Amino acid sequence: QVQLVESGGGLVQAGGSLRLSCAASGRTFSSYVMGWFRQAPGKEREFVAEIAQSGGSTAYADSVKGRFTISRDNAKNTLYLQMNNLKPEDTAVYYCAAGSVLGARREYGYNYWGQGTQVTVSS
């Protein structure tokens, strides 16, 4: 089992940047595929990005491609999401998740979830 705690959310103006972090504890972090999801008010939770156990493979939702970068530091048991050129439509609660299915891009591929961190982008 792994416990996940997100941080780094906040209020930012459109065009700005934020870096989210997800600290993991428990079972070996490096054995998990890690992902970021987000949920906007009144909408379903959606896939944002994923990264393989070694960090060698990443994938992104079309809506964030070219603006967001997912990375991980297995020595620090930490997952990151660098978000640049933020837009008001990026406003959501962002969740990190751990799983075993690379390429799923769906909630079913992930077994463990953090509590979420709020990102608000003002226009």
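Note on the stretch 58-102: Rg/Rh from Cα positions, Kirkwood definition for Rh, rounded to two decimals, is 0.97.
Computed over protein heavy atoms with a 1.4 Å probe, the accessible surface of the stretch 57-123 works out to 49 Å² per residue.
In this Cβ point-charge picture (+1 for Lys and Arg, -1 for Asp and Glu), the chain has a dipole of about 120 debye about its Cα centre.
For the stretch 1-61, the extents of the C-alpha atoms along the principal axes are 36, 24, 22 Å, listed from largest to smallest. Here's the list of lysines a cross-link from Lys65 could span, going by alpha-carbon distance under 21 Å and ignoring same-chain residues fewer than 8 apart: Lys43, Lys87. Between Rg and the Kirkwood Rh of the chain, both from Cα atoms, what is the Rg to Rh ratio? That ratio is 0.94, to two decimals.
When the trypsin sites (Lys or Arg not before Pro) in the stretch 1-56 are filtered for DSSP coil states and for at most 14 other beta-carbon atoms within 10 Å of their beta-carbon, the remaining sites are Arg27, Lys43.
The values are calculated or read from the model by the stated rules, or taken from the named source; none is laboratory data. These numbers were taken from a predicted model, which means no experiment stands behind them. Here the Cβ is made from the backbone with ideal geometry for all residues, glycine too, and neighbour counts use every protein chain on show. Accessible surface is based on the protein model in full, side chains and every heavy atom, while ligands, DNA and RNA are left aside. Shrake-Rupley method; radii C 1.70, N 1.55, O 1.52, S 1.80 Å.
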